[in-house]
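Trainee: I have a structure I would like to understand better, so I am pasting it below and will then ask my questions one at a time.
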Amino acid sequence: LSAPKIKAPRGTFDVLGEQASARTALESRARGILEPAGYERIETPAFESTELFARGVGASSDIVRKEMFSFQDAGGRELTLRPEGTAPICRAYVEHGMHKRRQPVKLWYLSSFFRHERAQAGRHRQFWQVGAEAFGSEDPALDAESIVLASTLLSTLGVRQVRLRLSSLGSPESRGAYRESLTAYLHANEGSLSEEVRERIDLNPLRAFDSEHPGTRAVMQAAPRLLDHLDEQDASHFTEVRSLLEAAGVSYEVDPTLVRGLDYYTRTVFEFTSDALGAQSGVGGGGRYDRLVEELGGPPTPGIGWAAGVERILLAGEVPAAAAAPVELFVALEDGSPAARAEAFGLLAQARGAGLSAQMDLVGRALKRQLSHADSIGARYVAIVGDSRTVLKDMQQRQEEPMAIDAVVHAVLRGQHAL
Ligand code: HAM
């Protein structure tokens, strides 16, 4: 009787073979775009105090209301597997006094995140994001730069049918008056709204724009739009972001109904969708969060950033798998004498020490099978080690030459060089 099998938890997946090398390629493209623009890599812990997300992401967001993997550790601390990266990076910015550095401070990440969502294609419970955050400047040029970098990354990775939607949420002050008029409008039309929206009228009325519910959608058609209620400074900030995007040749649509699922945004918000993706069409999104650092106990510090879903990029993009390293030397055993085997093993170590990619039969195949294996993995040279002699075979030229085992590495290096 065999033991019962254990499967990966629902909504999680293993990364194997070609997927692993596509991810490596994605990471190196992201680094190649972000680091020359002044972004430094950051890593934060996979779990944080639950309070960080409750305060940072916001009590009215779906994430905090129902999607967090929260637990108590053995010491009674309330912890949560990170559902997103912005709040943790703001925490790190404050914790390490990064406001004392030259601003803007620019950070990028490629990490896994956790949300307890209903799993489906492109939606997982553990997923990866590549993201970038920049702190310490309100300049609309920083917004535009951030958006241009996201757009460049998606196009470099061949993500198909990408659309960029853009809006501004204004500052919390200018939003106050608008919020009142929207709340009043929603209450006046309460009868046609979905229960979920009705419950959140006073908590977060803007989320009504996000609803799929037909009645709610009809009501929202005629709802007052935040974009028409921006104060002068917010409006001119938005105009400047738009004109810089145009200068950079990035096309976008202004979508006054764009609301993001996280509560920390101020002013610029944006979302990239791909029509190649189906239901879960969001490939990436972000915006400004000018109050978040302060809300997390730091000095008043504006910030802007975005994150894009790695799995969705891989679904909608054309990320070439990084090519497998060629095998330069395969060490084969002519027969199984322990002495020859030890010598062969020594040769393997010597070859690797010299920087060659080298492999050896480790499952006890007969010589003929070892040679066909070497052929199938594309080995350039094969050293056949016997009790009395060693032969080096050039698999491309179909030539072979007996030599002292100590001479093999040098011969392969010389041969490689000649190529
Ligand atoms: P978000 O829109 O929640 O933003 O997530 C960004 C991207 O992560 C989405 O567009 C999607 O591609 C991917 N994603 C989200 N949830 C899942 C999931 N369950 N499975 C697979 N992919 C998923 C944020 O997280 C913000 N922190 C972005 C940001 C950075 N804003 C400012 N700075």
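The values are calculated or read from the model by the stated rules, or taken from the named source; none is laboratory data. Fair warning: this is a prediction, and the values are worked out from it, not measured in the lab. Note: ideal-geometry Cβ built from the backbone for every residue, glycine included; neighbour counts use all protein chains shown. Heads up: the accessible areas ignore ligands, DNA and RNA and are worked out on the full protein's heavy atoms, side chains in. Shrake-Rupley method; radii C 1.70, N 1.55, O 1.52, S 1.80 Å.
Trainee: Would you work out what percent of the accessible area of the chain, with all protein chains in place, is carbon or sulfur (probe 1.4 Å)?
Mentor: 50 percent
Trainee: Of H373, S146, V283, which is farthest on the positive side of the dipole of the chain, counting Cα position, with +1 on Lys and Arg Cβ, -1 on Asp and Glu Cβ, and the Cα centre as origin?
Mentor: H373
Trainee: What is the magnitude of the charge dipole of the chain about its Cα centre, with +1 placed on the Cβ of each Lys and Arg, -1 on the Cβ of each Asp and Glu, and no other charges, expressed in debye to the nearest 20?
Mentor: 1060 debye
Trainee: Sticking with this structure for a sec: Sort 395-406, 151-162 by packing, meaning the average of other beta carbons within 10 Å per residue, with the highest value first.
Mentor: So the peptides 395-406, 151-162, ranked by packing, come out 151-162, 395-406.
Trainee: If you stretched the chain out fully between R217 and A366, how much longer would it get, using 0.36 nm times the residue separation minus the C-alpha to C-alpha distance?
Mentor: Separation in residues times 0.36 nm, less the Cα-Cα distance, equals 46.6 nm.
Trainee: Among V319, P214, A358, whose Cα sits farthest toward the positive end of the charge dipole of the chain (+1 at Cβ of Lys/Arg, -1 at Cβ of Asp/Glu, about the Cα centre)?
Mentor: Farthest along the dipole direction, towards plus: A358.
Trainee: Let me ask something additional. Between helix 408-418 and the chain, what is the angle of the helix's C-alpha long axis to the longest principal axis, kept within 0 to 90° and rounded to the nearest 10?
Mentor: 60 degrees
Trainee: Here's a follow-up. Taking only Cα atoms of segment 1-155, what ratio of Rg to Rh do you get with Rh as the Kirkwood inverse-distance radius?
Mentor: A ratio of 1.01.
Trainee: What's the extension gain from R398 to A184 if we count 0.36 nm per residue and subtract their Cα-Cα distance?
Mentor: Gain on stretching R398 to A184: 68.7 nm.
Trainee: Using 7 Å Cα-to-Cβ label points, what is the Q120/R163 separation (nm, one decimal)?
Mentor: 1.8 nm
Trainee: Still on this structure, please answer the following. Between the DSSP loop rule and a limit of at most 12 other Cβ atoms within 10 Å, which GluC sites (Glu not before Pro) in segment 167-224 are left?
Mentor: E212
Trainee: While we're here: Distances longer than 27 Å among the Cα atoms of the chain: what percent of all pairs is that?
Mentor: I get 62 percent for the Cα pairs in the chain exceeding 27 Å.
Trainee: Taking 0.36 nm per residue of sequence separation and subtracting the Cα-Cα distance, how much length would be gained by fully extending the chain between A235 and A3, in nm to one decimal?
Mentor: In short, 77.1 nm is gained.
Trainee: If you count, for each residue, the other Cβ atoms within 10 Å and average over each peptide, how do 236-244, 80-88 line up from highest to lowest?
Mentor: 80-88, 236-244
Trainee: Enumerate the whole-percent occupancy of each 10 Å bin, from 0 to the last occupied one, for all C-alpha pair distances of segment 1-79.
Mentor: Result returned by the calculation: 13, 23, 31, 27, 5, 1.
Trainee: Another question about this same structure. With a probe of 1.4 Å, find how much accessible area the chain has per residue, and write the answer as a whole number in Å².
Mentor: Ligands and nucleic acids excluded, the result is 49 Å² per residue.
Trainee: For the chain, take the longest principal axis of its alpha carbons; what is the angle in degrees between that and the long axis of helix 140-156, to the nearest 10 within 0 to 90?
Mentor: 40 degrees
Trainee: Provide the FRET efficiency to the nearest 0.05 for the A325-E78 pair, computing r from the beta carbons and using R0 = 35 Å.
Mentor: Efficiency at R0 = 35 Å is approximately 0.15.
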